[in-house]
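The values are calculated or read from the model by the stated rules, or taken from the named source; none is laboratory data. Quick caveat: nothing in here was measured; it's all calculated off a predicted structure. We place every Cβ from the backbone using ideal geometry, glycine too, and count neighbours over all the protein chains shown. Side chains included, ligands, DNA and RNA excluded: accessible areas come from the protein's heavy atoms. Shrake-Rupley method; radii C 1.70, N 1.55, O 1.52, S 1.80 Å.
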Amino acid sequence: MPRGVSQLSSKFKDPFGREITYLRLSVTEQCNLSCFYCRSHPGECSRERETGKDLLTIEDCLTIGQVAVELGITRIRLTGGEPLVRPDILEITGGLAALPGLKDLSLTTNGILLEKIAFKLAEAGLKRVNISLDSLDEANFRQITNGGKLHSTLKGIEKSLQAGLTPVKINVVLLKGINDHEIEKFVRMTIDQDLDVRFIEYMPTQGQKKWSNFFLPLEKVLEVAERIAPVVPVEGEHGGGPAQYVRMKGATGKIGLISPLSRHFCDRCNRLRVTSDGKIKPCLFSEAEIDLRPYFSDKEQLKAKFYEALQIKPDPQKVATNPVDRVMQFEGKRSMTQIGG
Ligand code: SAM
């Protein structure tokens, strides 16, 4: 272990002065959908893949959460794979929610299982959900997700609003030729529902060669929204997150734009990730990972590993500002479902 970790500065800052306050904790690689752009091959999301051998236990998740909060993390997001396929997700949620010092506990889900569990998650202490929804057309949804049922996700959204898991944010990965003809339907969802609909640029996390077949910059969303109503920026809505928000005049909800390729936000990065097999990842696009598993019984050593991860967060000044060069910089070997998106 390096010098007394517990004596280090109270701010958890990386060498570029960014304060790290946000942890994305993946609790499984498994998913009950198999979105073609998220996994590297069709079998990747299936139940059989994960043997359980390396999967973080409830206790591991809580140890990671506790150490992270002691270091200065104030927000944790549970993700995967699909976090709701874990039978012990309520226990994980409840344990993390009880951590003193944790201000925000959220979860990213495809919403398929949410209808039954939304109220229980809220009771366990979950504050809010982000729900992925790439199509509002039943057949297109089925196609993108490899068999998913749109009405299940829509029910999940409804129940989350009723359970107060708000603000409910809808994440749409914009895919050229696949769902760009649905932009209008998506932005119209914000008119009279208290939903934030956020469009995300497609990222080839494994440097996929044909990425530009699907990639579409998000200006297209603004063009479509402007045709419906004047679009105004929503001030002060970064909240440390990557989305830039706008609102169509008179609309209840907001439209968010997340452009990791065409307008990266690495200078504002405030996060670390832990994969469901216990590796801490300093950056989504970097190959670097540090295995936490050998250190679960020693919290000081675990903290030292968190600090190590902080030291190897990439320099935001070196991040390319145009999509083509940016993709060339991607080093990752894992798909999004394996990392925890
Ligand atoms: N199963 C959950 C869900 O569907 O939200 C959590 C995991 S999923 C990997 C998290 C988010 O990553 C989803 O919104 C998904 O659309 C997004 N995602 C996956 N692959 C992506 C890619 N290549 N580019 C951009 N976003 C991606």
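Summary table below
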read-out	value
Qualifying residue in segment 229-242 (condition: within 22 Å of THR21 (Cα to Cα) and within 16 Å of the ligand (Cβ to nearest atom))	yes
Pick from segment 104-161, criterion in contact with a strand residue (DSSP E or B) (Cβ under 6 Å, 6 or more places away or on another chain) and charged (D, E, K, R), ranking: farthest from ASN179 (Cα to Cα)	ASP104
Some residue of segment 120-142 being among the basic types (Lys, Arg), away from the ligand (no atom under 14 Å from the Cβ) and crowded, with 17+ Cβ neighbours inside 10 Å	yes
Cross-chain or 6+ apart pairs with Cβ under 7 Å, segment 98-118 first and within 20 Å of GLN162 (Cβ to Cβ), then among the charged types (D, E, K, R) and assigned to a strand (DSSP E or B)	SER106/ARG77; SER106/ARG128; LEU107/ARG77; THR108/ARG77
Qualifying residue in segment 261-278 (condition: within 18 Å of PHE186 (Cβ to Cβ), in contact with a Ser or Thr (Cβ under 9 Å, 6 or more places away or on another chain) and of a type in the set (Ser, Thr, Tyr))	no
Selection within segment 149-185 - over 19 Å from LEU114 (Cβ atoms) and not in a loop (DSSP other than H, G, I, E, B)	LEU174, ASP180, HIS181, GLU182, ILE183, GLU184, LYS185
Answer residue from segment 197-222, given it is over 12 Å from LEU261 (Cα atoms) and open to solvent by less than 10 Å² (accessible area, probe 1.4 Å) and is farthest from the chain's Cα centre (by Cα) among those	VAL221
Cβ pairs under 6 Å, 6+ apart, first in segment 12-40 and more than 12 Å from the ligand (Cβ to nearest atom), second basic (Lys, Arg)	ASP14/LYS313; GLU19/LYS11; GLU19/LYS13; TYR22/ARG75; TYR22/ARG271
Matching residues in segment 299-328 - criterion: being under 18 Å from ARG18 (Cβ atoms) and either small (Gly, Ala, Ser) or assigned to a helix (DSSP H, G or I) (or both)	PHE306, TYR307, GLU308, ALA309, LEU310, GLN311, PRO316, GLN317, LYS318
Residues located in segment 280-298, provided they are open to solvent by less than 50 Å² (accessible area, probe 1.4 Å) and either part of a loop (DSSP other than H, G, I, E, B) or more than 15 Å from LEU310 (Cβ to Cβ) (or both)	PRO282, CYS283, LEU284, PHE285, SER286, ALA288, LEU292, PHE296
Complete set of residues in segment 200-225 that are within 17 Å of ASN171 (Cβ to Cβ) and within 13 Å of the ligand (Cβ to nearest atom)	ILE200, GLU201, TYR202, MET203, THR205, PHE214, PHE215, LEU216, LEU218
Test: residue in segment 153-171 that is aliphatic (A, V, I, L, M) and more than 29 Å from ILE76 (Cα to Cα)	no
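Results for (1) under 17 Å from VAL168 (Cα atoms); (2) modelled with pLDDT of 95 or more; (3) within 20 Å of the chain's Cα centre (by Cα); (4) not in a loop (DSSP other than H, G, I, E, B), shown as yes or no for each residue.
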| position | (1), (2), (3), (4) |
| --- | --- |
| THR93 | no, yes, yes, yes |
| LEU96 | no, yes, yes, yes |
| PRO100 | no, yes, no, no |
| SER106 | yes, yes, yes, yes |
| PHE119 | yes, yes, no, yes |
| ASN130 | yes, yes, yes, yes |
| LEU136 | yes, yes, no, no |
| ARG142 | no, yes, no, yes |
